[in-house]
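The values are calculated or read from the model by the stated rules, or taken from the named source; none is laboratory data. For clarity, every value in this text was computed on a predicted model and none was experimentally measured. Quick reminder, even Gly has a Cβ in these numbers, built from the backbone with ideal geometry, and neighbours come from all protein chains shown.
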Amino acid sequence: MSTTTQVTTHPTAAAHTPATQRQPVWKHGVAAAVVAAVTTTVLAAVASAAGVSFADSTGESIPVGAFAQLTLVFSLLGVGMAAAMARKARRPRSTFVRTAVVLTALSFVPDLTFGFDAGSAATLITLHTIAALIVVPTLAGRLSTTR
């Protein structure tokens with residue numbers, strides 16, 4: 001004869017608070033950063049093969065490998081920013097998205113002012129936008145609307 005014990009758990013009030021609705025951003029953020037870095041590097045290589053020079057007015061050219069490195073670094077800074085906002089901001093998701101949009105727009109400034117030709121500048125701006133379109137929604141989806 002065997003007996004079974006049934007255990008019933010009751011959700012606690014804490015399980016329904018906004019703070020516990022947040023989901024960890026770092027795992028998804030790191031994955032999105034890697035995807036963005038690979039994507040921008042592949043697209044930069046394709047653009048370079050198609051004749052985009054990525055050279056500024058001094059003739060200094062951005063090496064294709066730098067796209068991976070810079071995209072990864074700035075995306076990981078975004079992950080850190082999202083994690084900080086998840087803990088500190090009153091409205092983490094909207095605060096992060098607004099901040100990320102402004103920072104993405106500011107990332108266009110060097111492309112427009114460092115003496116790149118029109119094709120290079122347009123390609124760089126497009127690559128910044130693509131990276132943001134990969135990373136920002138991934139991180140924003142992990143942030144709660146309120147804290």
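How many of the residues in the range 41-59 are surrounded by 11 or more Cβ atoms within 10 Å (Cβ to Cβ) and either without any contact (Cβ under 8 Å) to a residue 40 or more places away in the chain or under 21 Å from the mean Cα position of the chain (by Cα) (or both)? Walk me through how you get there before you give the answer.
To start, the set of residues in the range 41-59 that are surrounded by 11 or more Cβ atoms within 10 Å (Cβ to Cβ) comprises 41-48, 52-56.
Filter once more, keeping what is either without any contact (Cβ under 8 Å) to a residue 40 or more places away in the chain or under 21 Å from the mean Cα position of the chain (by Cα) (or both): 41-46, 48.
Qualifying residue count, the range 41-59: 7.
Kindly provide the set of residues from the range 70-102 that are within 19 Å of Leu127 (Cα to Cα) and either without any contact (Cβ under 8 Å) to a residue 12 or more places away in the chain or part of a loop (DSSP other than H, G, I, E, B) (or both), ordered by number.
Within the range 70-102, the first condition is being within 19 Å of Leu127 (Cα to Cα), and the residues that meet it are 70-79, 97, 99-102.
Within the range 70-102, Leu70, Val73, Leu77, Val102 qualify.
When you look at Thr145, is it surrounded by 13 or more Cβ atoms within 10 Å (Cβ to Cβ) and either touching a residue at least 60 places away in the same chain (Cβ under 8 Å) or not basic (Lys, Arg) (or both), yes or no? Write out each step before concluding.
Details: surrounded by 13 or more Cβ atoms within 10 Å (Cβ to Cβ): no; either touching a residue at least 60 places away in the same chain (Cβ under 8 Å) or not basic (Lys, Arg) (or both): yes.
No: the conditions fail for Thr145.
I'm trying to understand the selection: among the residues of the range 55-68, which are farther than 14 Å from Leu124 by Cβ and in contact with a helix residue (DSSP H, G or I) (Cβ under 8 Å, 6 or more places away or on another chain)?
Hits for the range 55-68 are Gly65, Ala68.
I'd like to verify a number: residues in the range 42-53 that are at pLDDT 95 or above and either closer than 14 Å to Ile125 by Cβ or not in a helix (DSSP H, G or I) (or both), how many? Please lay out each step first, then the result.
Keep residues of the range 42-53 that are at pLDDT 95 or above, which gives 42-52.
Restricting the remaining residues to those that are either closer than 14 Å to Ile125 by Cβ or not in a helix (DSSP H, G or I) (or both) gives 43-44, 47, 50-52.
The total comes to 6.
Ala82 versus (1) crowded, with 18+ Cβ neighbours inside 10 Å; (2) among the aliphatic types (A, V, I, L, M); (3) more than 23 Å from Pro24 (Cβ to Cβ): which is the lone unmet condition?
(3)
Mind checking which residues of the range 121-147 are in contact with a Phe, Trp or Tyr (Cβ under 8 Å, 6 or more places away or on another chain) and small (Gly, Ala, Ser)?
Ala131, Ala140
Based on what the data block shows, is Thr123 over 15 Å from the mean Cα position of the chain (by Cα), among the β-branched types (Val, Ile, Thr), at pLDDT 95 or above and surrounded by 21 or more Cβ atoms within 10 Å (Cβ to Cβ)?
So Thr123 passes the test.
Conditions (1) crowded, with 19+ Cβ neighbours inside 10 Å; (2) hydroxyl-bearing (Ser, Thr, Tyr); (3) modelled with pLDDT of 95 or more, marked per residue:
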{"residue": "Ala100", "(1), (2), (3)": "yes, no, yes"}
{"residue": "Leu103", "(1), (2), (3)": "no, no, yes"}
{"residue": "Thr129", "(1), (2), (3)": "no, yes, yes"}
{"residue": "Val136", "(1), (2), (3)": "yes, no, yes"}
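With (1) under 29 Å from Thr145 (Cβ atoms); (2) surrounded by fewer than 18 Cβ atoms within 10 Å (Cβ to Cβ); (3) in contact (Cβ under 8 Å) with a residue 40 or more places away in the chain as the list, and Asp117 as the residue in question, which single condition is left unmet?
So the condition that Asp117 fails would be (1).
Could you check how many residues of the range 103-118 are assigned to a helix (DSSP H, G or I) and among the hydroxyl-bearing types (Ser, Thr, Tyr)?
2
From the set of residues in the range 85-94 that are of a type outside the set (S, T, N, Q) and out of contact with any Lys or Arg (no Cβ under 7 Å at 6 or more places or on another chain), which is surrounded by the most Cβ atoms within 10 Å (Cβ to Cβ)?
The extreme case among them is Met85.
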